[in-house]
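Here, each number is a calculation from the coordinates, and none is a lab measurement. Just so it is clear, the model here is predicted, and its values are computed rather than measured. Cβ atoms come from the backbone with ideal geometry, glycine included; neighbour counts cover every protein chain shown.
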Amino acid sequence: MALKQISSNKCFGGLQKVFEHDSVELNCKMKFAVYLPPKAETEKCPALYWLSGLTCTEQNFISKSGYHQAASEHGLVVIAPDTSPRGCNIKGEDESWDFGTGAGFYVDATEDPWKTNYRMYSYVTEELPQLINANFPVDPQRMSVFGHSMGGHGALICALKNPGKYKSVSAFAPICNPVLCPWGKKAFSGYLGTDQSKWKAYDATNLVKSYRGSQLDILIDQGKDDQFLLDGQLLPDDFIAACTEKKIPVVFRLQEGYDHSYYFIATFITDHIRHHAKYLNA
């Protein structure tokens, strides 16, 4: 599958690149960012996938998080896709910021008119990794995932739905129990229909309850002054309780004074890169 390079910038000895390609799953052109550390010039490196939150593109993480130095030092190829299909001309996809464009929620839609394009789950778990493995110096056996907010939800469900596929998972302020929060109810009813039993397949708290896979050590950072936490959109307590019941190790850090922004992410990103490097470079 042909890749078109959009940009390339030297950064901490490596290269931050952005590419465009025609996506089979999403039936549109998609962009993704990929950071190649210096180590990638001579050997295959682990692949770490970042999933961004509502309204984001592939640009937010690479321009705001400050992850490059840690990724360079640990020799990680970091991939950051866009958050939804673009330019599909579906009626209603640009009417609100939390549904449609920029809000793919990392599900495979089953409802018209979304099901033809809004297949972000299959895109980030199958199509994109295959593309990365075929075109970049990565080791397909060493792959991890992390993300923020809607993307934190995406990271958790990708790891929980695919035991053994990802070596590690972490999240910043993830939407932990979308079947019970306003964002999740809106997105899931639109993409997946009114049968709420189908929603549970994309809900981290529900997935934990039936998880049978290899051990996952989960790291979650949450800002204590996050307005979306206070508004009941994130519901991390539900997820922690489910993990505790299932004896799944989770480190949950409630960070005093921090909000939902990339300033929060930039503060703790090095910890997350280090968390993944421990498993990816083992």
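Working note: Cα atoms of the stretch 4-281, range along each principal axis, descending, whole Å: 50, 42, 36. A DSSP coil position with no more than 16 other Cβ atoms inside 10 Å describes the following trypsin sites (Lys or Arg not before Pro) in the stretch 224-282: K224, K247.
If you build the Cα gyration tensor of the stretch 89-168 and take the root of 5 times each eigenvalue, what three semi-axes come out, in whole angstrom, biggest first?
Equivalent ellipsoid of the stretch 89-168: 26, 14, 11 Å, largest first.
Taken along the Cα-to-beta-carbon direction at a fixed 7 Å, the label points for N135 and S197 span 4.1 nm. Computed over the stretch 155-243, the alpha-carbon pair-distance distribution with 5 angstrom bins reads 3, 15, 25, 24, 19, 11, 4, each value a whole percent. In the chain, what percentage of the DSSP-assigned beta bridges are antiparallel, given to the nearest 5? Restricted to the chain, the bridges split so that about 50 percent are antiparallel. Between E43 and D22, take the C-beta separation as r, use R0 = 30 Å, and let me know the FRET efficiency to the nearest 0.05. So the FRET efficiency works out to roughly 0.50. When only the Cβ of Lys, Arg, Asp and Glu is charged (+1, +1, -1, -1), the dipole of the stretch 4-281 relative to its Cα centre reaches about 700 debye.
Loop-located trypsin sites (Lys or Arg not before Pro) in the stretch 162-214 (DSSP state other than H, G, I, E, B) with a sparse environment of at most 11 neighbouring Cβ atoms within 10 Å: R212.
The alpha-carbon of K4 sits under 24 angstrom from the alpha-carbons of these lysines, leaving out residues fewer than 8 places away in its chain: K17, K29, K31, K39, K44, K64. How high is the relative contact order of the chain, in percent, counting Cα pairs under 8 Å that sit 6 or more residues apart? Relative contact order, the chain: 17 percent.
Checking every one of the GluC sites (Glu not before Pro) in the stretch 1-74 against DSSP loop status and a limit of 11 other Cβ atoms within 10 Å picks out E43. For the stretch 1-38, the residues whose amide N sits under 16 Å from a probe point set 7 Å from the Cα of D94 along the beta carbon direction are 29. The residue among P38, Q69, L229 whose Cα reaches farthest toward the positive pole of the charge dipole of the chain, with charges on the beta-carbon of Lys, Arg, Asp and Glu, is P38.
Here's the picture: charge each Lys and Arg Cβ at +1 and each Asp and Glu Cβ at -1 in the stretch 15-154, and of Y106, G151, I132 the one pushed furthest to the positive end of that dipole is I132. Across the stretch 1-111, the relative contact order, built from alpha-carbon pairs under 8 Å that are at least six residues apart, equals 24 percent.
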